[in-house]
Amino acid sequence: MVNCYVHAEASSVGTCVGCGKFICENCNTEIKRKNYCKSCVDELFDDSKRKIERLEDNMNKNQPMVFMNAGGASSSSSSSSSAAVGNEGQAFGLTKSKTTAGLLAIFLGGLGIHKFYLGKWGWGILYILFCWTYIPSLIGLIEGIIYLVSNQNNFARKYDPGFLR
Ligand SMILES: [Zn+2]
Ligand SMILES: [Zn+2]
C-alpha cells in the first residue's frame, strides 16, 4: 500500500487527478467526483480567481462603450452625455441637437421656434398662427420633454433633416 505523499504514515485513498500523487483521506478533496490534493485545489482556485480577474478587466475596458450608450439614452448627466452626443453626432452626420430643440420647444414652443430649428417651417408658421390659443405652447412643452428624454439616435432619425439614413 502506498502512503500519502504529505503524510508518510497515512495510507492513500487514491491519486490526485491534478498531479497524480497519492493522497490520504485528509488530503483528498473531491471536486466533481474527482480527487484533488490540497495544493492542486489551491492552484484550481488561483486559476479561477485569475479568470475572474481577467473577466473583470475586460468588463472595465468595455465600460466606456456601455456608458456611452447609457448616456445617450438617459441624458440625465449633463457633461458626460454631451460628450457622447458629440461623438455620435460626428459619426452619424447629425446637424441638430436634441437638447437645443428640447429647450427651444419648452421655452419658445408657443411660437414654434423648435419647428423652425428642425427645418419644419410649415409647422412653425402654424404654431405662430395659433400661439394666442396657448395650445402650441402646451404641445411645445410636451414635444420638448420628448426631445430631451429621447435617445439622440432616435431623435435624429425622427426629427433631424440632416441625418444620414
Ligand atoms: Zn495534486
Ligand atoms: Zn495526507
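Partners of K96 within straight-line reach, counting lysines whose Cα lies under 17 Å from its Cα and excluding those fewer than 8 residues away in the same chain: K115, K120, K158.
Ranked highest first by average number of other Cβ atoms within 10 Å, how do 124-134, 109-119 line up?
Working: 124-134: 14.4, 109-119: 21.5.
The most tightly packed comes first, giving 109-119, 124-134.
Amide H contacts for G14 (H built 1.01 Å from N in the peptide plane; partners 5 or more residues away or on another chain; cut-off under 5 Å): I23. For a straight C-alpha distance cut-off of 19 angstrom, the aspartates and glutamates reachable from K51 (same-chain residues fewer than eight places away being disregarded) are D42, E43.
Here, each number is a calculation from the coordinates, and none is a lab measurement. Note that the structure is predicted; figures quoted are calculated from it, not measured. Here Cβ is always computed from backbone atoms with ideal geometry, including for glycine, and neighbour counts include all displayed protein chains.
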